[in-house]
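Asks: Take a look at this one; I'll ask things after.
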Amino acid sequence: MAEGAVVEGLKLEQRHGKERVRVGRVWRDVDGTHHFVEWNVSIRLLSDCIPAYVTGDNSNIVATDTMKNTVYVKAKECSERIPVEVFAIKLANHFSTFYHPVTTAIVNIAEKQWERVSVDGQSHKHGFKLGSEEHTTEVVVKKCGALQVASGIGKLKLLKTTQSGFEGFIRDKYTMLPDTQERLLGTEVTASWRYAFDSLENIPVQPLYFFNSYTGVKKVLVDTFFGTPKMGVYSPSVQYTLYEMAKAVLGRFHDLSSVDLKMPNIHFLPVNLSSKDNPVIVKACEETEQLVLDSCCEKQS
C-alpha cells in the first residue's frame with residue numbers, strides 16, 4: 001500500500017518519525033582550532049506501512065530508535081565541517097534510499113548559533129557563546145531523487161528607535177491608535193528561502209555554498225531593515241518593510257525560487273505618568289499582543 005490508501009471506506013494518509021534529536025558535533029583543525037555545532041533534528045518518513053495501522057503488521061516500519069541512532073552515526077561520519085543543509089540532505093537521502101518501504105524523507109534541523117568568543121581581542125580556539133537566532137533547514141528527498149531544500153533564520157530580533165511610522169489606516173469607532181510618523185519598530189524575524197535546484201544531481205558543488213548563502217541572505221535582510229548607518233531608511237509599516245526585505249533577497253540571490261517572512265510587530269508604546277516632581281514622565285513598555293504578518297514572494301518563471 002502507498003502512504004495514502006482507502007481501507008474499509010476510509011482514506012488513510014500517514015507519516016511517522018522522530019523529533020527533538022539533539023546533536024553536538026566538534027571538528028578539530030590541525031592547529032588546535034575547534035568548530036562546534038548543535039543541531040535539533042526532526043525526521044518524518046512517508047512509507048508503505050498502512051498495514052501497521054490497520055492490521056498491526058509492523059514489518060515495514062522504521063523504528064524511531066533507529067532514526068535517532070542513525071542521526072548520531074551519520075553526524076559522526078562527517079569527518080569534515082559541513083553546513084546543516086548538507087547534513088539534512090545526507091540524512092534524508094539515506095532514509096529514502098536505504099529503506100525500501102520509504103518513499104519520501106523529510107528532515108528539519110534547527111542549528112543554534114554558537115559563536116566563537118574573543119579574549120583580549122583574540123579569537124578563542126575552543127570557546128563559544130550562544131547567540132539568539134537559529135539557522136534552520138528543511139530537506140525533502142523522494143526515492144526517485146527529487147529534492148527540495150529550504151534554509152531559514154528564526155528568532156532574529158531587530159529594533160530601530162526611529163525612522164518608522166504608521167498612518168492612514170482604516171479608522172472607526174473601535175480605533176484608538178493615533179497616526180504617527182515617529183515610533184520604535186521592533187520585530188522577531190522568521191525567514192525561510194527555497195533553493196531553485198530540484199534534484200540531488202543539481203546540488204551546487206562549492207564547499208561553502210550553503211554557508212555563504214545563509215550569511216548573505218541574513219545580511220540582506222538586516223541591511224534592508226535598518227538602511228544606511230547614518231541615515232537609516234523610513235518604514236511606513238511593517239508590511240512595507242517586510243516586502244522590501246523579501247524583494248531584496250530575491251533580487252540579490254538568483255538561485256532562490258522563493259522567500260517567506262514572518263515578522264510579528266513588537267510594540268513599544270509611550271506611557272504618560274505624572275508625579276509631584278515630574279508632571280509628565282514618558283516611558284516605553286512592550287505590548288504583549290503580537291500580530292503575525294506573513295508574506296511570500298515567488299519568482300515568476
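Asks: Mind counting the residues in the range 224-242 that are touching a residue at least 12 places away in the same chain (Cβ under 8 Å) and closer than 18 Å to Asp260 by Cα?
Replies: Residues in the range 224-242 being touching a residue at least 12 places away in the same chain (Cβ under 8 Å) and closer than 18 Å to Asp260 by Cα: 7 in total.
Asks: Still on this model: Which of the residues that make up the range 76-91 are farther than 11 Å from Arg25 by Cα and either of a type in the set (Lys, Arg) or not in a helix (DSSP H, G or I) (or both)?
Replies: Hits for the range 76-91 are Pro83, Lys90.
Asks: Which of the residues that make up the range 49-75 are in a helix (DSSP H, G or I) and without any contact (Cβ under 8 Å) to a residue 12 or more places away in the chain? Explain how you work it out, then say what you get.
Replies: Here is the first cut: in the range 49-75, the residues in a helix (DSSP H, G or I) are 50-54, 64-75.
If the condition is that a residue be in a helix (DSSP H, G or I) and without any contact (Cβ under 8 Å) to a residue 12 or more places away in the chain, then Ala52, Asp65, Thr66, Asn69, Val73 are the ones that fit.
Asks: Taking the range 16-47 only, how many residues are loosely packed, with under 14 Cβ neighbours inside 10 Å and either of a type in the set (A, V, I, L, M, F, W, C) or not in a strand (DSSP E or B) (or both)? Walk me through it before giving the result.
Replies: Step one: of the range 16-47, the residues loosely packed, with under 14 Cβ neighbours inside 10 Å are 19-20, 22, 24, 26, 28-33.
Pick out the ones that are also either of a type in the set (A, V, I, L, M, F, W, C) or not in a strand (DSSP E or B) (or both) and you get 26, 29-33.
Residues flagged as loosely packed, with under 14 Cβ neighbours inside 10 Å and either of a type in the set (A, V, I, L, M, F, W, C) or not in a strand (DSSP E or B) (or both) within the range 16-47 amount to 6.
Asks: Which ones in the range 189-219 are more than 15 Å from the chain's Cα centre (by Cα) and either of a type in the set (Ser, Thr, Tyr) or crowded, with 19+ Cβ neighbours inside 10 Å (or both)?
Replies: Ser199, Tyr209
Asks: Consider Lys230 carefully, then state whether it is basic (Lys, Arg), open to solvent by 20 Å² or more (accessible area, probe 1.4 Å), in a loop (DSSP other than H, G, I, E, B) and in the same structural domain as Gly168 (by the TED database).
Replies: Working: basic (Lys, Arg): yes; open to solvent by 20 Å² or more (accessible area, probe 1.4 Å): yes; in a loop (DSSP other than H, G, I, E, B): yes; in the same structural domain as Gly168 (by the TED database): yes.
Answer is yes for this residue.
Asks: Can you tell me which residues in the range 194-224 are hydrophobic (A, V, I, L, M, F, W, C) and in contact with a helix residue (DSSP H, G or I) (Cβ under 6 Å, 6 or more places away or on another chain)? Write out each step before concluding.
Replies: In the first step, residues of the range 194-224 are kept if they are hydrophobic (A, V, I, L, M, F, W, C); the result is 196-197, 200, 203, 205, 208, 210-211, 217, 220-222.
Selection gives Phe210, Val217, Val220, Leu221.
Asks: To continue, here is another question. Give the residues of the range 154-184 that are in contact with an Asp or Glu (Cβ under 6 Å, 6 or more places away or on another chain) and either at positive phi or surrounded by 11 or more Cβ atoms within 10 Å (Cβ to Cβ) (or both), sorted by residue number. First the steps, then the outcome.
Replies: Pass one, the range 154-184, residues in contact with an Asp or Glu (Cβ under 6 Å, 6 or more places away or on another chain): 154-157, 167, 179.
Of everything in the range 154-184, those that are in contact with an Asp or Glu (Cβ under 6 Å, 6 or more places away or on another chain) and either at positive phi or surrounded by 11 or more Cβ atoms within 10 Å (Cβ to Cβ) (or both) turn out to be Gly154, Lys155, Leu156, Lys157, Glu167.
Asks: Those residues that are over 21 Å from the mean Cα position of the chain (by Cα) and among the acidic types (Asp, Glu), I need them from the range 99-127; list them, please.
Replies: Scanning the range 99-127 gives a single hit, Asp120.
Asks: Hey, any hits in the range 109-121 for a residue that's outside any strand (DSSP E or B) and in the same structural domain as Glu38 (by the TED database)? Even if it seems obvious, please write down each step before you answer.
Replies: Start the filter on the range 109-121 by keeping residues that are outside any strand (DSSP E or B), which leaves 120-121.
Okay, now just the ones that are also in the same structural domain as Glu38 (by the TED database), so 120-121.
Scanning the range 109-121 turns up at least one residue that is outside any strand (DSSP E or B) and in the same structural domain as Glu38 (by the TED database).
Asks: I need the full set of residues from the range 158-182 which are charged (D, E, K, R) and in contact (Cβ under 8 Å) with a residue 40 or more places away in the chain, in order please.
Replies: Quick first cut of the range 158-182, residues charged (D, E, K, R) only: 160, 167, 171-173, 179, 182.
Within the range 158-182, Lys160, Glu167 meet the criteria.
Asks: Among (1) surrounded by 19 or more Cβ atoms within 10 Å (Cβ to Cβ); (2) within 17 Å of the chain's Cα centre (by Cα); (3) within 30 Å of Phe95 (Cβ to Cβ), there is one condition Leu147 misses while meeting the rest; what is its number?
Replies: Result: Leu147 passes all but (2).
Asks: Ser96: modelled with pLDDT of 95 or more and not in a strand (DSSP E or B), yes or no?
Replies: Working: modelled with pLDDT of 95 or more: yes; not in a strand (DSSP E or B): yes.
Judged against the criteria, Ser96 is a match.
Asks: Also: Which residue is modelled with the lowest pLDDT, if the candidates are limited to the range 3-15 and must be in contact with a Leu (Cβ under 9 Å, 6 or more places away or on another chain) and assigned to a loop (DSSP other than H, G, I, E, B)?
Replies: Here the residue is Glu3.
Asks: Using the structure shown, decide if Leu130 is of a type outside the set (Ser, Thr, Tyr), in the same structural domain as Pro204 (by the TED database) and open to solvent by 60 Å² or more (accessible area, probe 1.4 Å).
Replies: Numbers: of a type outside the set (Ser, Thr, Tyr): yes; in the same structural domain as Pro204 (by the TED database): no; open to solvent by 60 Å² or more (accessible area, probe 1.4 Å): yes.
No, not satisfied.
The values are calculated or read from the model by the stated rules, or taken from the named source; none is laboratory data. The shown structure was predicted, so the numbers you read here are calculated from the model rather than taken from an experiment. Virtual Cβ from ideal backbone geometry, glycine too; neighbours counted across all protein chains shown. Side chains are part of the model used for accessible areas, which takes the heavy atoms of the whole protein and leaves out ligands, DNA and RNA. Shrake-Rupley method; radii C 1.70, N 1.55, O 1.52, S 1.80 Å.
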